[in-house]
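Trainee: Handing you this structure, nothing more for now.
Please treat every number below as a calculation from the coordinates, not as lab data. Source: prediction; values computed, not measured. Cβ sites come from the backbone with ideal geometry, for glycine too, and all protein chains shown count toward neighbours.
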Amino acid sequence: MKQTLSCLHPNPGWGSGESPSALSSPTPSATEMVGKHCILELYDCDHAKLDDEAFLRDTITTAAKSAGATLLNLITHRFEPQGVTGLALLAESHISIHTWPENGYAAVDVFTCGDHTMPERACDVLCCGLEAQRYQLKSFLRETPAAVAHTPRDPQIIAAAA
């Protein structure tokens, strides 16, 4: 039986009140929410794909597009004898992946700011692309701290050193 990530998502409605934390505090509005953060554990993945830097670059790029995010830069590194680390810098935040081909495992982190992106879709692309047989997804909303929620956040101008 093929499952989708949404059926294991701890709160697939992002505010439907299904998680215990959502019951204890109100779901923040779009103006109070900084973004969504997904932590994805992928198990029993295709060993060759976990070690294929070019494949992972393509898959991360597809994941970012699928999430509705803007890819600014992508840095990857293949380790010897095996394993790849990748970091996608997004206009909306980031996607990172660390692979252990010898164990069929990948650790993924997807954080997107704003309410127009869907990091769960990036997770789905990575899960399917790496042919994970098992996975665990944890996700939560990043809330704007009350101290800065209604304060203009202008960049500080720093004078050049003499």
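Trainee: Net charge around A63, counting only other residues with Cβ within less than 10 Å of its Cβ (Lys, Arg = +1; Asp, Glu = -1)?
Mentor: Values: positive: K65, R121; negative: D58, D124.
For residues surrounding A63, the net value is 0.
Trainee: What is the sum of charges around G129, taking Lys and Arg as +1, Asp and Glu as -1, for the other residues whose C-beta is under 10 Å from the C-beta of G129? Before the final figure, lay out each step's value.
Mentor: Working: positive: K49; negative: D46, D58, D124, E131.
Summing Lys/Arg as +1 and Asp/Glu as -1 gives -3.
Trainee: Hey, rough spin-label estimate for T62 and I157, points 7 angstrom out along Cα→Cβ, what's it come to in nanometres?
Mentor: Here the modelled spin labels are 4.8 nm apart.
Trainee: Let's see if you can work this out: charge +1 on each Lys and Arg Cβ, -1 on each Asp and Glu Cβ, no other charges. What is the dipole magnitude of the range 32-143 about its Cα centre, in debye to the nearest 20? Please report the intermediate quantities before stating the final value.
Mentor: Details: 9 positive and 17 negative charges, 39 e Å.
So the dipole magnitude of the range 32-143 works out to roughly 180 debye.
Trainee: Does a label point 7 Å from the Cα of A54, set along Cα-to-beta-carbon, have any residues of the range 63-78 with amide nitrogen under 17 Å, and which are they?
Mentor: Label zone hits: 76-78.
Trainee: For the range 72-125, what is Rg from Cα atoms divided by 2.2 N^0.38 Å, rounded to two decimals?
Mentor: That ratio works out to 1.24.
Trainee: Can you quote the Å³ per residue value for the convex hull of the Cα atoms in the range 32-143, rounded to an integer? Spell out each step's value before the answer.
Mentor: Values: hull volume 8.2 nm³, N = 112.
That works out to 73 Å³ per residue.
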